[in-house]
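Readers should treat all values here as calculations from the given coordinates under stated rules, not as data from a laboratory. Just so you know, these numbers come straight off a predicted model, no measurement behind them. Counting neighbours? That spans all protein chains shown, and the Cβs are built from the backbone with ideal geometry, glycine included.
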Amino acid sequence: MMKNYSNSPRNKNQTLNHTRDRNNKKSNGLSATLLRFSLRDYGFCMATLFLFCFGSLFYQLNGGPPKILLEIRQYLGVFGKSHWPNRMAWRHSVHRDRQGKASHLAFKKENKGDSTFIDDHGPPAPKVLPFPSQVVYNRVGKCGSRTVVLLLRILAERHQFNLVSSDIHNKTRLTKHEQVDLMRNISNIPQPFLYTRHVHFLNFTRFRIEQPVYINIIRDPINRFLSNYFFRRFGDWRGEQNHLVRTPGMKDDERYLDINVCILENYPECSNPRLFYIIPYFCGQHPQCRDPGLWALERAKQNVLENFLLVGILEELEDVLLLLERLLPHFFTDVLSIYKSPDYRKMGNMTGTVRKHTPTLEALQVLYQRMRYEYDFYTFIRDQFHLMKKKIGLRSVSRPTHQPNFLLNLALKTQEPLEEEEEEEEQELEEDIEDANSWLVQP
């Protein structure tokens, strides 16, 4: 009779041990398999990370991805567009101004998977703007402004800056609303720009708008008055019809009015308010700037010192052009060579006023007395201009201006300085020449 060991305690223990061993072997095998897969996945991840880092470094060093990646991307883009619906991705490019601040966002749509210049090479480098990049030439009438504008048209095309020349010639004083509108329009011109118009000085900072750099040119006040007087009547060498633009409907008795009669008999055109013309261009839009007096004179001088890079004198125009080329090379490089070229001379000679003649000495003396504030300002500008030339070390190509004899006789006599005062002035001038204008850009 055979014994049944299946129910015995010993057999039960052996069976349990055998089952436990088999389970342990399965567990060990599964653990080894999982460990083997984990190491492989870990190695794959590390290799992928290494390739990504290497590719990123290669991308940055070479300014873009390698050709093979572009081909793969293009392939994936074509494949993706043919098998899946198009997905639209929004991109934006930020245009920054010269302070590095975002000025506007321009959004555009593009298909996902397409290769673009921005994706492959990054955003384009911001355009380096010259300093200053905003220039306003509030040109004074009959002070060579048409000559300079002709030069600016040639220079703008050559040096690729924006030249905006206003066609408004008879509105120099503006209301507050008109001032704000004009200043905002000027500020919105793409930089670098040069804006020119017959307009009295505009104070941009008063309305919290960035102030541009001003330049201008003036001339001897009596010469300016004479040029304007005859131009209104007879135009220039381009044709006598030009005066019709400035003085429509002028009657013959007024057109052929003798200038000596106009001055000596106090015609409105030759009286004090009409002769106070240059200073308001530098004083500004304040109503008191229109009244001949010390307040407007001093304010004009202050604005010149604070807001004008250069105010030249027409009598030394070639030196003015040289200084503009030195101070603003990105606008005025080669301006003097253009001015002296035969082609420009042929055009520039057409802007001269015709039928102009000099009044009598008596009339000139009356004019000078009426224009004493204008001459005070002109002398101030001339001295500042000559000082600027000395500071920069500019060798003059123009003849220095001299006052007519009758003006020298009329001028107030001043006491000659003592020798000590002369030495102090010379020493101060030498120090100014050494220290000032170290920021100027050499041409």
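Quick notes
- Extension gain from Gln369 to Arg399, taking 0.36 nm per residue of separation minus the Cα-Cα distance: 8.2 nm
- Net +/- balance of residues flanking Asn138 in space, Cβ distance below 14 Å, scoring K and R +1, D and E -1: +4
- Treating each Cα of segment 134-415 as an identical point scatterer and summing with the Debye formula, the log10 of I(q)/I(0) at q = 0.08 Å⁻¹ comes to -0.34.
- Per-pair calculated FRET efficiency, R0 = 41 Å: Thr358 and Glu306 via Cβ, rounded to 0.05: 0.65
- Spin-label pair Asp334/Phe131, simplified geometry with 7 Å Cα→Cβ offset, distance in nm: 2.7
- With neighbours defined as other Cβ atoms within 10 Å of a residue's Cβ, the residues Thr379, Thr172, Thr205 order from fewest to most as Thr205, Thr379, Thr172.
- Between Tyr42 and Asp167, the distance separating the two model label sites (each 7 Å from Cα on the Cα→Cβ line) works out to 8.0 nm.
- Its alpha carbons give segment 270-366 an Rg and a Dmax of 17.6, 47 Å.
- For segment 141-220, GluC sites (Glu not before Pro) are listed when DSSP marks them as loop and at most 14 other Cβ atoms sit within 10 Å of their Cβ; the list is Glu210.
- Put in line by how crowded their Cβ is, counting other Cβ atoms within 10 Å and starting with the fewest, Thr147, Thr175 read Thr175, Thr147.
- Couplings for segment 265-279, taken from phi via the Karplus curve 6.51 cos²θ - 1.76 cosθ + 1.60 with θ = phi - 60°, read 9, 6, 5, x, 5, 10, 9, 4, x, 6, 7, 8, 10, 6, 4 Hz in order; Gly and Pro are left as x.
- Taking Lys390, Lys251, Lys301 and counting other C-beta atoms within 10 Å, the order from fewest to most: Lys251, Lys390, Lys301
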